Amino acid sequence: DQFDNLDKHTQWGIDFLEKYAKFVKERIEIEQNYAKQLRNLVKKYCPKRSPKDEEPRFTSCIAFFNILNELNDYAGQREVVAEEMGHRVYGELMRYSHDLKTERKMHLQEGRKAQQYLDMCWKQMDNSKKKFERECREAEKAQQSYERLDNDTNATKADVEKAKQQLNLRTHMADENKNEYAAQLQNFNGEQHKHYYIVIPQIYKQLQEMDERRTIKLSECYKGFADSERKVIPIISKCLEGMILAAKSVDEHRDSQLVIDCFKSGFEPPGDFPFEDYSQNIYRTISDGTISTPKQEGMRIDSKTTVGKAKGKLWLFGKKPKPQSPPLTPTSLYTSSTPNGSQYPIFSIEPVHYCMSDIKTGKPRIPSFRSLKRGYFYLQGPALEDFSHLPPEQRRKKLQQRIDELNRELQKETDQKDALIKMKDVYEKNPQMGDPGSLQPKLTETMSNMDRLRMEIHKNEAWLSEVEGKVAARSDRRHSSDINHLVTQGRESPEGSYTDDANQEVRGPPQQHAHPNEFDDEFEDDDPLPAIGHCKAIYPFDGHNEGTLAMKEGEVLYIIEEDKGDGWTRARRHNGEEGYVPTSYIDVTLEKNSKGA
């Protein structure tokens with residue numbers, strides 16, 4: 001008897017199903033928007049395609065780009081979640097909702113039809129009942145009329161007979177209506193019993209099963225909703241692990257070494273400024289017991305200034321010095337005696353005049369570290385083909401990279417030439433496959449490209465040999481300078497050693513004026529690499545390979561260049577011999593202040 005309430009309940013169930021479907025749809029939109037925003041974020045911060053030279057090399061940058069790749073994969077998994085939810089949950093819910101509405105409509109129509117049929121049976125029974133009741137009343141009236149006429153002495157026999165016939169007719173009709181009413185009543189009771197015990201319970205059972213299936217379907221969708229997320233958790237975990245591994249791959253020492261390799265110029269730091277003696281005029285007026293200044297204009301060397309350092313201070317590429325104190329030149333060094341017997345170095349300005357005349361006619365020299373530091377060479381114009389606008393170390397790297405690229409291009413052209421030759425042979429053997437003469441222009445072009453590439457490689461190798469030759473010559477000059485270097489009481493002097501007493505200075509042999517070409521070579525020379533620490537050999541090393549330095553166990557060497565990440569450290573013996581030794585074979589101790597070590 002709760003047909004209307006069940007109608008409302010089943011409608012509420014379908015509405016709730018559609019409400020959950022709407023929730024899933026909005027969740028899918030959130031996942032799709034989230035994935036889209038993540039991809040846009042990755043695209044925004046991913047590096048644009050750049051030349052090979054500009055590719056990220058620092059471990060921190062590489063780790064960040066790996067994290068971006070993992071985040072892009074993570075966004076892809078969010079899209080997978082959205083797709084799985086849309087196919088497995090939302091799509092299934094919408095299809096089931098449509099089927100559920102159709103089934104509910106059918107069951108409700110069957111229930112309404114059963115109710116309408118029962119109502120019709122009740123109306124038929126009620127009509128027969130009313131008709132039977134009416135006929136009974138008519139029969140009673142006919143009976144009363146007959147009895148009244150039969151007892152009336154004044155009534156005729158015909159009136160009595162007529163009343164009797166009317167009574168019999170009404171009685172017969174009442175009996176017929178009674179039988180019809182009984183039949184309709186029996187039929188209604190049967191249909192009513194069937195309605196409440198068979199038809200309606202069956203319809204309600206179908207509605208119940210339908211509602212239970214709806215509930216089960218919701219439960220399955222709830223599970224599918226969670227499974228869609230759980231399926232991608234392993235892949236998302238791998239993405240997160242990839243991010244963690246990228247974070248662990250950051251190496252601050254390697255990044256620092258990359259910065260060093262990137263900006264290493266190959267020049268030596270500038271030496272000390274020479275001592276400019278402004279007291280020369282004073283010496284001329286002092287008594288004979290003091291040191292007098294020679295007539296020839298000159299100046300005294302600073303006690304800590306070496307010949308090699310002074311040579312790098314010429315004013316050819318730097319700021320022109322004052323006229324009264326000409327720059328120190330190794331070719332103008334000689335000694336002069338004073339009245340008290342002391343000797344001081346005197347420097348002539350004649351080589352400087354030569355340098356001035358030579359710079360007007362000769363080729364430009366390699367700039368000094370100071371002029372490079374001031375940006376002298378970077379302001380000369382656009383980048384040159386031989387990279388001569390770069391420092392030596394950077395120039396060597398650029399040339400090596402270009403040679404490698406040219407070799408790769410040459411290999412491609414060689415492979416193409418071989419393929420063309422093979423194809424030409426095939427065409428010659430089988431003319432129906434093609435014309436061999438059609439390949440000749442391409443073959444000629446390939447051969448021309450190969451010749452051009454070989455010339456480029458030869459030219460760049462010549463430039464590379466020039467750079468490496470200068471580095472080797474500089475190393476040899478450092479070696480010879482280190483052998484002839486004199487050290488007394490831990491203090492250096494280009495002419496010799498000295499003590500606290502100026503009268504006990506030991507002079508070196510006077511230097512004669514050198515040939516102008518020798519002067520140029522010496523001007524381009526650099527100082528020996530200073531020692532930045534010392535090391536002790538833990539294991540013996542044979543040093544058979546070229547450029548290596550043999551050592552014995554327990555031997556102490558000077559460190560002049562640290563390990564750059566390749567496992568080799570540059571060291572020097574006391575006799576000036578230099579070479580590379582394995583870093584793992586030595587115990588290194590670096591000095592905080594390596595100057596003069």
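Averaging 1/r across all pairs of distinct Cα atoms in the range 139-246 and inverting the result yields a Kirkwood radius of 22.0 Å.
Suppose accessible area is computed on protein heavy atoms with a 1.4 Å probe; arrange S145, S448, S128 from highest to lowest.
On the way: S145 40, S448 65, S128 5 Å².
Sorted by accessible area, descending: S448, S145, S128.
Using heavy atoms of the protein chains and a probe of 1.4 Å, the accessible area assigned to T10 is about 10 Å².
If I stretch the segment between Q2 and D126 completely, what's the gain in nm (0.36 nm per residue apart, minus their alpha carbon distance), one decimal?
Working: separation 124, 0.36 × 124 = 44.64 nm, distance 2.43 nm.
Taking Q2 through D126 to full extension adds about 42.2 nm, to one decimal.
Using 0.36 nm per residue and subtracting the Cα-Cα separation, the extra length available between A226 and Q109 on full extension is 38.4 nm.
Only protein heavy atoms count here; under a 1.4 Å probe, L185 has an accessible surface of about 60 Å². State the dimensionless ratio Rg/Rh of the range 10-150 (Rg: radius of gyration of Cα atoms; Rh: Kirkwood radius). The Rg/Rh ratio comes out at 1.70. Between the beta carbons of L590 and N545, assuming R0 = 41 Å, the FRET efficiency works out to 0.95 to the nearest 0.05. Computed with a 1.4 Å probe on the full set of protein chains, the accessible area for C221 sits at about 0 Å².
Averaged per residue, the range 152-245 has 67 square angstrom of accessible surface, using a 1.4 angstrom probe with ligands and nucleic acids left out. Rounded to 0.05, the FRET efficiency of the E577 and K459 pair, given R0 = 45 Å and the Cβ-Cβ distance, is 0.80. Multiplying the residue separation of N40 and R95 by 0.36 nm and subtracting their alpha-carbon distance yields 16.4 nm. In plain terms, the C-alpha convex hull of the range 112-173 casts an average shadow of 4.2 nm² when viewed from every direction.
Computing FRET efficiency as 1/(1 + (r/R0)^6) for F263 and E405, where r is the C-beta to C-beta distance and R0 is 22 Å, gives about 0.50. Summed over all non-identical Cα pairs, the Kirkwood treatment of the range 194-252 gives a radius of 15.9 Å.
The values are calculated or read from the model by the stated rules, or taken from the named source; none is laboratory data. What you see is a predicted model, and the numbers here were worked out from it, not measured in a lab. Because the Cβ atoms are built from the backbone with ideal geometry, glycine has one as well, and the counts that use them run over all protein chains shown. Accessible surface areas use protein heavy atoms only, side chains included; no ligands, DNA or RNA. Shrake-Rupley method; radii C 1.70, N 1.55, O 1.52, S 1.80 Å.
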